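Undergrad: I'd like to ask some things about the structure below.
The values are calculated or read from the model by the stated rules, or taken from the named source; none is laboratory data. Fair warning: this is a prediction, and the values are worked out from it, not measured in the lab. Backbone-built Cβ (ideal geometry, glycine too); neighbour counts: all protein chains shown.
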Amino acid sequence: MSRTPVVTGITVTSVTVASITVALCLVTAVLIWNLDTAGHAPVNSLAEEHSELREELAELRDSHRRLQREFEMAKQELRELAALASVNDTTLSALLAASEDETTTEPTSTPNDTQQPRDEDARSPKDIVHAAYESLVEDGAEWEDWVETWTDLGKRGLIDDALALFEENARENPDDPDAHTHLGHAYIQKLMSSNEANKWQWSVKGIESYSQALEIDDHHWDARFSKAMNLSFAPPVFGLQAKAIDEFETLRSQQREAPRSDKFIETYKMLGNLYRSQGKSEKAGEVWQEGLSLFPNHAELQANVNGLAKQ
């Protein structure tokens, strides 16, 4: 009788071998399918995440470019603020209001209107400019009148004509500090009325004119105060506040030796404000207190001192 082969105690038939082979194939196929599925799932997921990240990156780049444009516009506006010469914080609002009126006021008449012109409208542009020039250089002119005159010149489109007179005056009187100071003021008015892309250059010209006046007379209060104001309004990124403080400190020292004047109050206010903006409250208080000792009835200086005392 023939015997079936026995391997390690297990009887093996051809059917059994076939069954085992089929089972192994099925197991292998299942394992391969699982591995294939497990391997592709992360790849698909990573591809989706990569696509999303690329979209987010594109959005961030667009936002960055937009912010850069806005930042450049903001820097330009701040440069223009730096050019507000001979302006103090009690009159700034009046000047800004006048500038706004210049850009928003609608014309009330046209060449076809039948209204009779006012007397001053009947003057030639040359006469209007010369009359305005004389009033602007007049000693003791009130600030409100000064603003009104420049505003009127702007509405008439005559600022360039007036500026030409101030430039001519400075050329003909190179040793006159008042001539250079008035020219500095005129440059600032040109800045405020200009729509040029590089109109901030007029601020630079204004500061240069004030510096020329101070080279002639280093005790010229108006020139030094106007220069200090221009520097103080510059954006902190330009680092000009330190120079503004130096100018105001020089002015503060010179005021101690000069006859007292109400305009000196502005020096104490602005210098104290600059120190406070730099976190130097103790120094700001010292300046305001000195100003208050000279002008004890000044409400703003008193309020500043009281405000520091409560901190």
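Undergrad: Hey, any hits in the range 245-267 for a residue that's touching a Ser or Thr at 6+ places or on another chain (Cβ under 7 Å), over 27 Å from GLN311 (Cα atoms) and modelled with pLDDT under 90?
TA: no
Undergrad: For residues that are part of a helix (DSSP H, G or I) and among the small types (Gly, Ala, Ser), scanning just the range 130-180, find the one that is farthest from ASP218 (Cα to Cα).
TA: GLY154
Undergrad: Across the range 239-273, what is the number of residues that are surrounded by fewer than 15 Cβ atoms within 10 Å (Cβ to Cβ), part of a helix (DSSP H, G or I) and polar (S, T, N, Q)?
TA: 1
Undergrad: Answer yes if at least one residue in the range 203-218 is surrounded by fewer than 18 Cβ atoms within 10 Å (Cβ to Cβ) and under 26 Å from PHE295 (Cα atoms), and no otherwise.
TA: Taking every residue of the range 203-218 in turn, at least one turns out to be surrounded by fewer than 18 Cβ atoms within 10 Å (Cβ to Cβ) and under 26 Å from PHE295 (Cα atoms).
Undergrad: Would you please list the contacts, defined by Cβ atoms under 8 Å and residues six or more apart or on different chains, that run from a residue in the range 294-311 that is touching a residue at least 24 places away in the same chain (Cβ under 8 Å) to a residue that is in a helix (DSSP H, G or I) and charged (D, E, K, R)?
TA: Taking only residues 6 or more apart or on different chains, the pairs are GLU300/LYS269; LEU301/LYS269; ASN304/LYS269.
Undergrad: Right, another one. If I filter the range 223-238 for residues that are surrounded by fewer than 17 Cβ atoms within 10 Å (Cβ to Cβ) and farther than 30 Å from ALA170 by Cα, do I get at least one hit?
TA: Among the residues of the range 223-238, at least one is surrounded by fewer than 17 Cβ atoms within 10 Å (Cβ to Cβ) and farther than 30 Å from ALA170 by Cα, which makes the answer yes.
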